[in-house]
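A.B. asks: Got a structure for you, written out below as structure tokens; questions coming shortly.
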């Protein structure tokens, strides 16, 4: 069509020239008469060409926009597929977690992977809410030097945490969090945590159980990762939902094995675990220590301040026990104000300056117990420690082991309380010595 538009005027011009040559009289007249038509035709051809060019530009523009939309759709579909794969893998990993600690570790690692940046990894850790002290304590971290975090607590009354607790929503801070006027300096005071200086943004992600914030995932990340958390909040909320459901399920599954007051194992489940730990130590040719713990003069607390305050004291003592033993140790409430701890692979004795029992005794003695909301009291514990040696005592049964620890506990109490009695050396170590 385009060629035809140009060929017709060309043939018209040739025809006029030939006609002029053949008929010199009529040729000029015809030429003069057709000139306006030729001018109009060439003008229309120019206009048509220009319009066509503009139309092609519009078409190319639409094609570019179409291609951009297609790329965006493909990019979004790819991102959604990645999200689906991450959620599927996360759910699979959570279903395979064999204990609460493993579950928490998987949760933190997943949030760490989800907030990776092209320029590097993020750093994150999980804080759980301690209802007794009303603060948040370190549970587990990913890509973090946790040495300075393990013994730290963060008050739930701090403004930064209150924002998350009240809203129960993800909070992101996309800026230079290390600036002097930053409201996240709370996490960075006095070298509280070892962070990578290039991680200038922060995200706080709450884990909500039964409408309460059970824990908070704290993520130090790069600016683009923090922006991704904000822009893809729906995906991160799905991660949170999966984590919360798995955590809630794990907690409820474990209720039958856990003492509801202290959150330690109950007596029945402890018996099962003790048998398993003995079998493990036999296979590994290891000794095993057993601690029996009793709170000194605990009846006075109940009689003076009431059983509710006594329960709060027991909860705090359980927390002190947990913090002073290893993750691999088994802690249980044996009954009333008695606790037991199994130490697989440990040969407890009074000559060991790193004795776990002595460290635990001192921790309780140095702790401040608040009753009735304002009254400060001091408490002590007595501990009986027995050792199941291998191979000399590999046939020692559970009942005999428990009886030995119980006898040593009563020995410690009869000798004045606030002390540790060890079976192997029949020695006593107390606060006075």
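The values are calculated or read from the model by the stated rules, or taken from the named source; none is laboratory data. Just so we're clear, the structure is a prediction, and the values are computed from it rather than from any experiment. Neighbour counts run over all protein chains shown; Cβ positions are idealised from the backbone, glycine included.
A.B. asks: Taking residue 73, is it modelled with pLDDT under 80 and either over 30 Å from the mean Cα position of the chain (by Cα) or in the same structural domain as residue 368 (by TED's automatic domain parsing) (or both)? Spell out the reasoning first.
C.D. replies: On the way: modelled with pLDDT under 80: no; either over 30 Å from the mean Cα position of the chain (by Cα) or in the same structural domain as residue 368 (by TED's automatic domain parsing) (or both): yes.
When the stated conditions are applied, residue 73 does not pass them.
A.B. asks: Okay, next question. Pairs, please: C-beta under 8 Å, at least 6 apart or cross-chain, first residue at negative phi and in the same structural domain as residue 269 (by TED's automatic domain parsing) and in the range 395-406, second in a helix (DSSP H, G or I) and loosely packed, with under 13 Cβ neighbours inside 10 Å?
C.D. replies: Every condition considered, the pairs that remain are 398/275.
A.B. asks: Of all residues in the range 328-347 being assigned to a loop (DSSP other than H, G, I, E, B) and surrounded by fewer than 20 Cβ atoms within 10 Å (Cβ to Cβ), which is nearest to the chain's Cα centre (by Cα)?
C.D. replies: Applying the filter and picking the extreme gives 328.
A.B. asks: Still on this model: If I go through the range 227-258 residue by residue, how many of them are over 22 Å from residue 211 (Cα atoms) and either at pLDDT below 85 or in a strand (DSSP E or B) (or both)?
C.D. replies: Result for the range 227-258: 2.
A.B. asks: Report whether or not residue 297 is at pLDDT 90 or above and on the phi > 0 side of the Ramachandran plot.
C.D. replies: Against the criterion (at pLDDT 90 or above and on the phi > 0 side of the Ramachandran plot), residue 297 qualifies.
A.B. asks: Quick check: is even one residue across the range 350-367 over 29 Å from residue 137 (Cβ atoms), touching a strand residue (DSSP E or B) at 6+ places or on another chain (Cβ under 6 Å) and buried (at least 16 other Cβ atoms within 10 Å of the Cβ)? Talk me through it step by step, then tell me what you get.
C.D. replies: Taking the range 350-367 and keeping what is over 29 Å from residue 137 (Cβ atoms), we get 350-351.
Those left that are additionally touching a strand residue (DSSP E or B) at 6+ places or on another chain (Cβ under 6 Å): 350.
Filter once more, so that each one left must be buried (at least 16 other Cβ atoms within 10 Å of the Cβ): 350.
Yes: the range 350-367 contains one or more residues that are over 29 Å from residue 137 (Cβ atoms), touching a strand residue (DSSP E or B) at 6+ places or on another chain (Cβ under 6 Å) and buried (at least 16 other Cβ atoms within 10 Å of the Cβ).
A.B. asks: Quick one: residue 370 ticks every box in (1) in a strand (DSSP E or B); (2) within 27 Å of residue 305 (Cβ to Cβ); (3) modelled with pLDDT of 90 or more except a single one, so which number is it?
C.D. replies: Condition (3) is where residue 370 drops out.
A.B. asks: Here is a check on your reading of the model: is residue 422 crowded, with 19+ Cβ neighbours inside 10 Å and more than 17 Å from residue 297 (Cβ to Cβ)?
C.D. replies: yes
A.B. asks: With the requirement that a residue be exposed (fewer than 15 other Cβ atoms within 10 Å of the Cβ) and either modelled with pLDDT of 80 or more or in a strand (DSSP E or B) (or both), what does the range 136-149 give you?
C.D. replies: Residue satisfying the conditions is 145 alone.
A.B. asks: Okay, moving on. Out of 112, 64, 91, which single residue is touching a residue at least 40 places away in the same chain (Cβ under 8 Å), assigned to a helix (DSSP H, G or I) and not assigned by TED's automatic domain parsing to the domain that holds residue 204?
C.D. replies: Unique residue meeting the criteria: 91.
A.B. asks: While we're looking at this one, here's another question. Could you list, in sequence order, the residues of the range 407-419 that are without any contact (Cβ under 8 Å) to a residue 24 or more places away in the chain, part of a helix (DSSP H, G or I) and touching a strand residue (DSSP E or B) at 6+ places or on another chain (Cβ under 8 Å)?
C.D. replies: Of everything in the range 407-419, just one residue is without any contact (Cβ under 8 Å) to a residue 24 or more places away in the chain, part of a helix (DSSP H, G or I) and touching a strand residue (DSSP E or B) at 6+ places or on another chain (Cβ under 8 Å), namely 407.
A.B. asks: Inspect all residues belonging to the range 300-317 and state whether any of them is assigned to a loop (DSSP other than H, G, I, E, B) and in contact with a strand residue (DSSP E or B) (Cβ under 6 Å, 6 or more places away or on another chain).
C.D. replies: There is no residue in the range 300-317 that is assigned to a loop (DSSP other than H, G, I, E, B) and in contact with a strand residue (DSSP E or B) (Cβ under 6 Å, 6 or more places away or on another chain).
A.B. asks: Return yes when residue 133 is modelled with pLDDT of 75 or more and surrounded by fewer than 16 Cβ atoms within 10 Å (Cβ to Cβ) and no when it is not.
C.D. replies: Here the answer is no, as residue 133 does not meet what is asked.
A.B. asks: Okay, moving on. It is to be established whether one or more residues within the range 152-175 are modelled with pLDDT under 55 and surrounded by fewer than 14 Cβ atoms within 10 Å (Cβ to Cβ).
C.D. replies: The answer is no, given that none of the residues of the range 152-175 is modelled with pLDDT under 55 and surrounded by fewer than 14 Cβ atoms within 10 Å (Cβ to Cβ).
A.B. asks: Checking residue 275 against (1) farther than 30 Å from residue 80 by Cα; (2) touching a residue at least 40 places away in the same chain (Cβ under 8 Å); (3) touching a strand residue (DSSP E or B) at 6+ places or on another chain (Cβ under 9 Å): exactly one of these is not met. Which one?
C.D. replies: Among (1) farther than 30 Å from residue 80 by Cα; (2) touching a residue at least 40 places away in the same chain (Cβ under 8 Å); (3) touching a strand residue (DSSP E or B) at 6+ places or on another chain (Cβ under 9 Å), residue 275 violates only (3).
A.B. asks: Give me the residue from the range 115-129 that is assigned to a strand (DSSP E or B) and out of contact with any helix residue (DSSP H, G or I) (no Cβ under 7 Å at 6 or more places or on another chain) and, out of that set, surrounded by the fewest Cβ atoms within 10 Å (Cβ to Cβ).
C.D. replies: Per the stated criteria, the residue is 120.
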